[in-house]
Amino acid sequence: MSTTPSPTPLPVREPDAATLARTAEQTAVTVLTAATPHRLSDVVPAPEQVQPDPTADWVLPAEAAIVVSAHPAALAVAEHLAELLRPATGYPLPVTEAAAHPLPVAEAAGPGAVGGIALLLDETAHLGAEGYRLDITPDGVRLTAVTATGLLHGVQTLRQLLPPAIESPTPVAAHWALPGGTITDAPRFPYRGAMLDVARHFFAVEDVLRVIDHLARYKLNHLHLHLTDDQGWRIAVDSWPRLTTVGGATEVGGGPGGHYTKADYAQIVSYAAARHITVVPEIDLPGHTNAALVAYPELAPDKLAPPPYTGTEVGFSYVDPTDERTYDFIADVLGEVAALTPGPWLHIGGDEAFKVTGEVYTGFVERVQRIVADLGKTVVGWHQLAPAAHLDGRVLQWWGTAGADPTTAEAVRQGARLILSPGNHAYLDMKYAPDTPIGHDWAGLIDVRKAYDWDPGTHVAGVPAEAVLGVEAPLWTESVTSLADIEFLLLPRLPAIAELGWSSRETHDWADFRDRLAGQGPRWATAGITFHRAPEITWPTTPTIPTIPTQHDMPQTDIAAR
Ligand code: TNX
């Protein structure tokens, strides 16, 4: 019996401390994170086209740079990407301008560069105003778009393809692997939004900014702020100062309320704009105006100040539609709000004005629509606006639960476009289940499947897909008092509505959506975001994330060896 001779041992050299430390770190990385990346299709909302190439997986190296077309808006997106990736990776990820494009990543970064991430604007690409192409190759990542908005959407996709640990606010020992292949993507509808009611309960600027971040993740591009209601007036108007000093000092349940100064509002608008999100301000008229009447009784039909209202009933208040002073008030308010708002939209509410009916109501709406048009803005209102005369460009927001309304269909036939927020699918203030601790149920219970299983293109009878501007998920806040409450109702249903707005109908598949949505759970958990662990979803257990020891924690020898 012969034995295979063992190979002659190589001469052994003692490894130095630095090599030992590196080896230990690499071993830890291999043990603690999966070596295989996510699937290229594990993205919410579902991309239009996904072509995986398993031979092209790529791992983000510590020395990677972000190269970007020399254009201010693209540079801002590149900086944003770097800011998203730096906390968890601990990598410097410098942002540099590309010499020319399109070039392979390494070439764009300059001679001798390691693979990195290239963000390239290409006006000749057929990707549409918001689309992008993401190529993950053994040389690195190349993201191409016609606009900076497209680049930003691609950045959100890239972020979701990295391991969930990328959401960690502090450095993590992970293998930052990306699945190889190409994604080509563009939205189905141009308007994709969410609404936050800051009137029933007031929310601080930082809470609104955090909601904006949640919208950006799922490629939503509009934030509708319901700024005024019976329980509080939340936006400063210089020409009518008591709106906030008096009208802003209440909220549901008797809390202190609050309001946004013009600087606060400007901060929200610019934070949203940096994420390519347009703010849609709503001044709800002629109903839902008790807070304004408390501040200015001259606007009330009987010219008497009503008591402040902190309950949750609707439909009792209205500004006097027969008094010219009311229209001065509206022109002043809408003028100031329009001046603060770079986006094209002004939302005038129009819902539940139960005491202003028939021709008085339509006459009122027609005057206010005209005021908005004269300010150079496009009027948006709840679908109760439908019987008022058509005005070019006007947009109705559908919140019905029945899927049919001849008056709305007729308004659309005359040229109105529709934003779909069906109460029984898209209302994020509806409870998930009978035992959901907060929320309403007047439009039914909305579990994740109910939020996902409808088609904006065919939902309202007589309204063709071409007349649908998009979708919006409203969050009314009668029962919502904290950021955690907001997140609990938003997640995981907001991504369902976002997918209906973004993804082509061909990708619509509940089982597939459910699996992709499950993958978002560990991301939210890692980022410290509250969400409802909906029982329909098989949430993966969130791995304990290993943190990289800071220099302070390291033994002295390792620091010296670095
Ligand atoms: C109806 S939807 C309202 C709001 C309430 C909401 C509660 C709409 C245009 N009006 O005033 O907050 O129901 O779900």
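Of the helices (runs of 4 or more DSSP H) lying entirely inside the range 351-468, the ones with 2 or more residues being modelled with pLDDT of 95 or more and over 20 Å from His226 (Cβ atoms) are found at 358-374, 406-413, 448-452.
The set of residues in the range 469-493 being open to solvent by 10 Å² or more (accessible area, probe 1.4 Å) and away from the ligand (no atom under 11 Å from the Cβ) consists of Leu469, Thr481, Ser482, Leu483, Ala484, Asp485, Phe488.
For the structure I just gave you, tell me whether Lys431 is without any contact (Cβ under 8 Å) to a residue 60 or more places away in the chain, among the basic types (Lys, Arg) and within 16 Å of the ligand (Cβ to nearest atom). The answer is yes for Lys431.
Checking each residue in the range 389-417 for being among the hydrophobic types (A, V, I, L, M, F, W, C) and either more than 14 Å from the ligand (Cβ to nearest atom) or out of contact with any His (no Cβ under 8 Å at 6 or more places or on another chain) (or both) picks out Ala389, Leu391, Val395, Ala402, Ala404, Ala409, Ala411, Val412, Ala416.
Regarding Gly343, is this residue within 14 Å of the ligand (Cβ to nearest atom) and closer than 24 Å to Leu223 by Cβ?
Numbers: within 14 Å of the ligand (Cβ to nearest atom): no; closer than 24 Å to Leu223 by Cβ: yes.
So Gly343 does not fit the description; no.
Among the residues making up the range 140-163, a single one is under 19 Å from the mean Cα position of the chain (by Cα), more than 18 Å from Val43 (Cα to Cα) and either at pLDDT below 95 or aliphatic (A, V, I, L, M) (or both): Ala148.
It is to be established whether one or more residues within the range 438-454 are at positive phi, within 15 Å of the ligand (Cβ to nearest atom) and under 26 Å from the mean Cα position of the chain (by Cα). The answer is yes, given that some residue of the range 438-454 is at positive phi, within 15 Å of the ligand (Cβ to nearest atom) and under 26 Å from the mean Cα position of the chain (by Cα). Taken over the range 69-99, the residue count meeting the criterion of being open to solvent by 40 Å² or more (accessible area, probe 1.4 Å) and assigned to a loop (DSSP other than H, G, I, E, B) is 7.
Do we have any residue at all in the range 325-339 that's open to solvent by 10 Å² or more (accessible area, probe 1.4 Å), within 16 Å of the ligand (Cβ to nearest atom) and within 23 Å of Tyr361 (Cα to Cα)? Looking through the range 325-339, none of the residues is open to solvent by 10 Å² or more (accessible area, probe 1.4 Å), within 16 Å of the ligand (Cβ to nearest atom) and within 23 Å of Tyr361 (Cα to Cα).
Just checking: which of the strands (runs of 3 or more DSSP E) contained wholly in the range 122-226 hold 2 or more residues that are open to solvent by 10 Å² or more (accessible area, probe 1.4 Å) and of a type in the set (Ser, Thr, Tyr)?
The strands (runs of 3 or more DSSP E) meeting that bar are 181-185.
As a summary of the residue check, Ala404 satisfies the conditions (1) under 23 Å from the mean Cα position of the chain (by Cα); (2) open to solvent by 10 Å² or more (accessible area, probe 1.4 Å) except for the one numbered (1). Whenever a residue of the range 301-316 is over 21 Å from Gly350 (Cβ atoms) and assigned to a loop (DSSP other than H, G, I, E, B), its partners that are of a type in the set (A, V, I, L, M) and more than 12 Å from the ligand (Cβ to nearest atom), lying with C-beta atoms within less than 8 angstrom and at least six residues away or across chains, give the pairs Ala305/Leu293; Ala305/Val294; Pro307/Val294; Pro308/Ala249; Pro308/Ala291; Pro308/Val294.
The values are calculated or read from the model by the stated rules, or taken from the named source; none is laboratory data. Owing to the predicted nature of the structure, the values given are computational and were not obtained by experimental measurement. Note: ideal-geometry Cβ built from the backbone for every residue, glycine included; neighbour counts use all protein chains shown. Accessible surface is based on the protein model in full, side chains and every heavy atom, while ligands, DNA and RNA are left aside. Shrake-Rupley method; radii C 1.70, N 1.55, O 1.52, S 1.80 Å.
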